[in-house]
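Note sheet for the following structure.
The values are calculated or read from the model by the stated rules, or taken from the named source; none is laboratory data. No experiment lies behind these values; they were computed from the predicted model shown. Positions of Cβ are generated from backbone atoms using ideal geometry, with glycine treated the same way; all protein chains shown enter the neighbour counts.
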Amino acid sequence: MIDWRYRLAEHRGTLIALALFLVMFAIYVANHPAGFTANVVNTAANKGVLLALVAMAQTLVVLTAGIDLSVGSIFILTNCLASYIVAGSPMMVALGVLGVLATGIVCGAINGLIVIYGRLQPIVATIATGAIYFGIALWLRPFPGGADDFSSDLADALTSQLPGGIPASLVTLVVIVLVIWVPFSRSPVGRAAYATGSSEVAAYMSGVPIKSAKFAAYTLAGLLAAIGGLFLTFFTYSGEASAANGATYTLYSIAAVVLGGVSLFGGVGSAIGAIFGAFAFRTIGDLLFVFDLEPLWQPLFQGVVLLVAVSLGAARLFQIRNRLDLFG
Amino acid sequence: MTDQVPLFRMEGVSKRYGGVRALEKADLVVHGGRVHAILGENGAGKSTLIKIMAGVVAPDEGRMLFRGSEVTFPDPASANAAGIVCIFQELSLIPDLSVADNIVISNPPTTFGMIDRRAQRRIAEEALARAGGEDIHPMAPVKDLPLSRRQIVEIAKALARRPSILILDEATSALTAADVSKVFDVLRRLRTEGLALLYISHRMHEIAEIADECTVFRNGRNVATYAAGAKTDNEVVELMIGREYRSVFPDKPPVAPEDRKPVIEVRNLSWTDRLRGVSLVARPGEVVGLGGLDGQGQRELLLALFGVLKGVSGEVLVDGEPVSIGGPSAAKSKRIGMALIPEDRKTEGLMLPMSVRDNLSLAALDRLSHFGVIDRAAERSAVGEMIRLLDIRTAGTAIPVGALSGGNQQKVVIAKWLMVTPRIILLNDPTRGIDVGTKQEIYQLLRKLADSGAAILFYSTDYDELIGCCDRVLVLYDGAIRRTLVGNEITERALVASALNIATNEEGPGLRPAVRG
């Protein structure tokens, strides 16, 4: 049986991202003054989960050979919204959470409908909708702030440590993967998303439901970005319509997706790879911290790591003996 | 033996694209348990006909009856659901997905809304076995398979949908003779199971072998339907082209004298394990064929000469002097003067959205420009000359080349390279999926080019072409030239025999090539 070889090849990108993260995290922990303690892990997990959620959102759209430049704005918009409505009695909090998630779904669905029926290129459509979503966020929270009766109980429960020192945020992320990503990737509509990204013409000719696939991808991307926004609120207890934050998360999500072995041409990769990509990308900042470098260096190092990782991924090009394969 | 109500009937169906009538009041009757061949030149309406049947395009008028009741297909999925499945000439496989994923793509088996991978694997293995592709691993990514294997996957994928009408549009054009006979066994079995098979091919002997009845299309109309074997090949071709038909192939000149100085000489060319010590010469005025089974290194040989492959060992001499060709731009330089007509015109030959003019002048831009600026007038006259020379049927030079028919697209690819007036012309299966009329024009053009002093290396999977066009044929096997056939030695029997002879040769590669002739 040579099945395992095909399996390995299929998950190569994800495994490389995992290895990259493990190496970087090991260096970080080894040099951290406190060492491998529950607190260090929890802090790292909390920071990583935010980007991981937005990167998952980005993955879904990138798989269909699209790109979503509004994920950062949805993330910020839902953060601002959550800072108002996730408050009060447990009942109100539950409704608030649902409201935040529904907002993300609606934002994603709008993106999907514009791309599918408006026939706009995803990059243009999501720049436009992203600006609108950010505008709404700014209208909600012209100044940073939070509700007086913000549900800090729920926030603390989801950002602290479970018994045994396991970060609650990490457990939540695993649950989200199991509830959203795994069913999606194994469902016919997920298969259709891969097919659409790999070759839209062949997918159409095969009778694949391209429209449902794209709609599902954009809508779930909105939902995942909203979960990210919710978590941001849990960490900060407040909402802030920060343009810089939105843009950073959008760009970093693309970086994480690439690090995670997801092809920007579509059809190849997995959200799990993107999660490891996100954690690896986040660890760069932590490494600078333990090596006592100025935080100002962070963008430069992140750029270098991204370039190196992408170059390693492209190393196979040196083995190509047929130049036509360079363009495949 | 035909059943009372036909399985499928099309009445008065028309389709226009802009001002062009692709299909004009076409009728077609399809019965179960029969192989129905559709013949016609490119642009005769065959593709439009099957696209309408498969739900890819909607007809302007007319109606379709399936099992006696009227149907409309707004998209391919609804045609599939009705049981009409088409294997298109342009492959419809998804490159990044695995073979099994592709086979079940239209209707994956699910349990609780998720794809059941075990069931998928079982369906894929079963379909592959039915299509004669037991050697293909269901988990292999499609993009790693060679073209002929992909075609088998394509057939397996169609069978997995349990069709009642299976349309094969040039489905065998990428297959070797051995694979074709396997596919034919499959088709015969499907016929006994009661399926209706619509078979579109430009290979006359395949139609003679498999078809029960034939319908000929010309200019968008069905001009004749007859029982297979009721007409001679010449009569059929006359029906197709609507004019009297003489020999497809131009006369060959006497075999070129051995003492003529070769334009290109290749010594001991090797590349990875795909080319093993290939040596050949081509003289001006010669058409040298490359034969053998598909995938024996013919394509790699042409790419190696054109400078596309890295790490090639051996020597290439042009006009008796050693040269090293670093890539296509070096190959086309005045000093070497080489052109390669690629196999896949859509990806390697043309920029489909760009205009006919831009495509034609692309390779020759350095000759048409002064100080880095394109001389529009020179370009216009050169392009016009090529369109006349090759009789390219286009509504203008500014329309996108993707709007032309397949045969005319291929003419544009050839014309593009003729603009650089090459002395060495490499052709990689240039007539695949092209109608008889255009083929004939291409053969004549090849001979004309040879007569004007070019040396031509011509790889073809069609034995008739090698026999009809070539002065010499080099038969390749496992990356080495195993036999050379000259002049009258080039017969179908000799070509097949040398390929089979070699194929059953247990001594395998590494032996000294048995060059004769």
Task: Failed criterion for A:L230 (all others in (1) within 30 Å of A:D148 (Cβ to Cβ); (2) surrounded by fewer than 24 Cβ atoms within 10 Å (Cβ to Cβ) hold) - done: (2)
TODO: Could you look through the range B:180-216, keep only residues that are within 19 Å of the chain's Cα centre (by Cα) and polar (S, T, N, Q), and pick out the one that is surrounded by the fewest Cβ atoms within 10 Å (Cβ to Cβ)?
DONE: B:S181
TODO: Mind listing just one residue for me: the one in the range B:50-75 that is modelled with pLDDT under 90 and under 18 Å from B:A171 (Cα atoms) and, of those, surrounded by the fewest Cβ atoms within 10 Å (Cβ to Cβ)?
DONE: B:V56
- [ ] Sort out which residues of the range B:81-95 are farther than 18 Å from B:M10 by Cβ and either out of contact with any Gly (no Cβ under 8 Å at 6 or more places or on another chain) or surrounded by fewer than 22 Cβ atoms within 10 Å (Cβ to Cβ) (or both), and write them in order of number.
- [x] B:A81, B:I87, B:F88, B:Q89, B:E90, B:L91, B:S92, B:L93, B:P95
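Test A:V100 against the criterion of being in contact with a Ser or Thr (Cβ under 8 Å, 6 or more places away or on another chain) and over 27 Å from A:A280 (Cβ atoms), and give yes or no.
On the way: in contact with a Ser or Thr (Cβ under 8 Å, 6 or more places away or on another chain): yes; over 27 Å from A:A280 (Cβ atoms): yes.
Yes.
Let's see how each residue does on (1) in a helix (DSSP H, G or I); (2) touching a His at 6+ places or on another chain (Cβ under 7 Å); (3) within 30 Å of B:G307 (Cβ to Cβ); (4) touching a residue at least 24 places away in the same chain (Cβ under 8 Å):
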position	(1), (2), (3), (4)
A:V258	yes, no, no, yes
A:L264	no, no, yes, yes
A:G267	no, no, no, yes
A:A274	yes, no, no, yes
A:G277	yes, no, no, yes
A:F289	yes, no, no, no
A:V304	yes, no, no, no
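Hey, could you check the range A:68-108 for residues that are small (G, A, S) and surrounded by fewer than 19 Cβ atoms within 10 Å (Cβ to Cβ) and say which is farthest from A:Y133 (Cα to Cα)? Break it down into steps so the answer makes sense when it comes.
Kept after step one, since they are small (G, A, S), are these residues of the range A:68-108: A:70, A:72-73, A:82-83, A:87-89, A:94, A:96, A:99, A:102, A:104, A:108.
Imposing the further condition that a residue be surrounded by fewer than 19 Cβ atoms within 10 Å (Cβ to Cβ) reduces the set to A:87-89, A:94, A:99, A:102.
Values: A:A87: 22, A:G88: 26, A:S89: 28, A:A94: 23, A:G99: 16, A:A102: 14 Å.
It comes out as A:S89.
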Task: Residues that are surrounded by 15 or more Cβ atoms within 10 Å (Cβ to Cβ) and either within 13 Å of B:V266 (Cβ to Cβ) or of a type in the set (A, V, I, L, M, F, W, C) (or both), drawn from the range B:317-345 - done: B:L317, B:V318, B:V323, B:I325, B:A330, B:A331, B:I336, B:M338, B:A339, B:L340, B:I341
- [ ] Restricting attention to the range B:261-276, report how many residues are touching a Pro at 6+ places or on another chain (Cβ under 8 Å) and closer than 16 Å to B:K310 by Cα.
- [x] 1
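Criterion first (more than 14 Å from chain B (Cβ to nearest Cβ), of a type in the set (S, T, Y) and touching a strand residue (DSSP E or B) at 6+ places or on another chain (Cβ under 9 Å)) does A:S160 satisfy it? Steps first, answer last, please.
On the way: more than 14 Å from chain B (Cβ to nearest Cβ): yes; of a type in the set (S, T, Y): yes; touching a strand residue (DSSP E or B) at 6+ places or on another chain (Cβ under 9 Å): yes.
Yes: the conditions hold for A:S160.
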TODO: Only residues in the range A:117-135 that are without any contact (Cβ under 8 Å) to a residue 24 or more places away in the chain count as the first member; pair them with residues that are part of a helix (DSSP H, G or I), Cβ under 7 angstrom, at least 6 apart or cross-chain, and list the lot.
DONE: A:G118/A:A125; A:L120/A:I114; A:A125/A:N111; A:A125/A:I114; A:A125/A:V115
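Of all residues in the range B:392-409, which are in a helix (DSSP H, G or I) and either closer than 18 Å to B:A382 by Cα or of a type in the set (D, E) (or both)? Before you say what the answer is, go through the steps one by one.
The first filter runs over the range B:392-409 and keeps only residues in a helix (DSSP H, G or I), leaving B:401-403, B:406-409.
Hits for the range B:392-409 are B:V401, B:N408, B:Q409.
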Open item on the list: Just to be sure before I move on: is B:P163 in contact with a strand residue (DSSP E or B) (Cβ under 8 Å, 6 or more places away or on another chain), part of a loop (DSSP other than H, G, I, E, B) and either within 13 Å of chain A (Cβ to nearest Cβ) or of a type in the set (F, W, Y) (or both) in the structure I sent?
Closed with: yes
TODO: Scan the range B:82-110 residue by residue and report those that are facing chain A (nearest Cβ under 8 Å) and without any contact (Cβ under 8 Å) to a residue 24 or more places away in the chain.
DONE: B:D101, B:P108, B:T110
Task: All positions within the range B:114-136 that are out of contact with any strand residue (DSSP E or B) (no Cβ under 8 Å at 6 or more places or on another chain), more than 7 Å from chain A (Cβ to nearest Cβ), at pLDDT 90 or above and not in a helix (DSSP H, G or I) - done: B:I136
TODO: Name the one entry in B:L280, B:L293 that is part of a strand (DSSP E or B) and within 30 Å of A:R323 (Cα to Cα).
DONE: B:L280
TODO: Under 8 Å between Cβ atoms, at least 6 apart or on separate chains: pull out the pairs that start in the range A:177-189 with a residue that is of a type in the set (D, E, K, R) and end on any residue that is at pLDDT 95 or above and surrounded by fewer than 19 Cβ atoms within 10 Å (Cβ to Cβ).
DONE: none
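Each row is one residue, and each column tells you yes or no for (1) modelled with pLDDT under 90; (2) closer than 30 Å to A:F289 by Cβ; (3) in a helix (DSSP H, G or I); (4) within 14 Å of chain B (Cβ to nearest Cβ).
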position	(1), (2), (3), (4)
A:F21	no, yes, yes, no
A:F25	no, yes, yes, no
A:P33	yes, yes, no, no
A:V41	yes, yes, yes, no
A:A45	no, yes, yes, no
A:A65	no, no, no, yes
A:T78	no, yes, yes, no
A:V97	no, no, yes, no
A:V106	no, no, yes, no
TODO: For the range A:126-184, name all the residues that are surrounded by 16 or more Cβ atoms within 10 Å (Cβ to Cβ) and among the acidic types (D, E).
DONE: none
Task: Looking only at the range A:1-49, and only at residues there that are of a type in the set (G, A, S) and crowded, with 18+ Cβ neighbours inside 10 Å, the one that is farthest from A:P167 (Cα to Cα) - done: A:G13
Task: Qualifying position, being hydrophobic (A, V, I, L, M, F, W, C), in contact with a Gly (Cβ under 7 Å, 6 or more places away or on another chain) and over 30 Å from A:S198 (Cβ atoms), among A:A82, A:A65, A:A45 - done: A:A82
Task: Search result, residues across the range A:291-302 that are touching a residue at least 40 places away in the same chain (Cβ under 8 Å) and surrounded by fewer than 16 Cβ atoms within 10 Å (Cβ to Cβ) - done: A:F291
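Take B:L175 and decide whether it is within 19 Å of the chain's Cα centre (by Cα), within 14 Å of another protein chain (Cβ to nearest Cβ) and surrounded by fewer than 23 Cβ atoms within 10 Å (Cβ to Cβ).
No, not satisfied.
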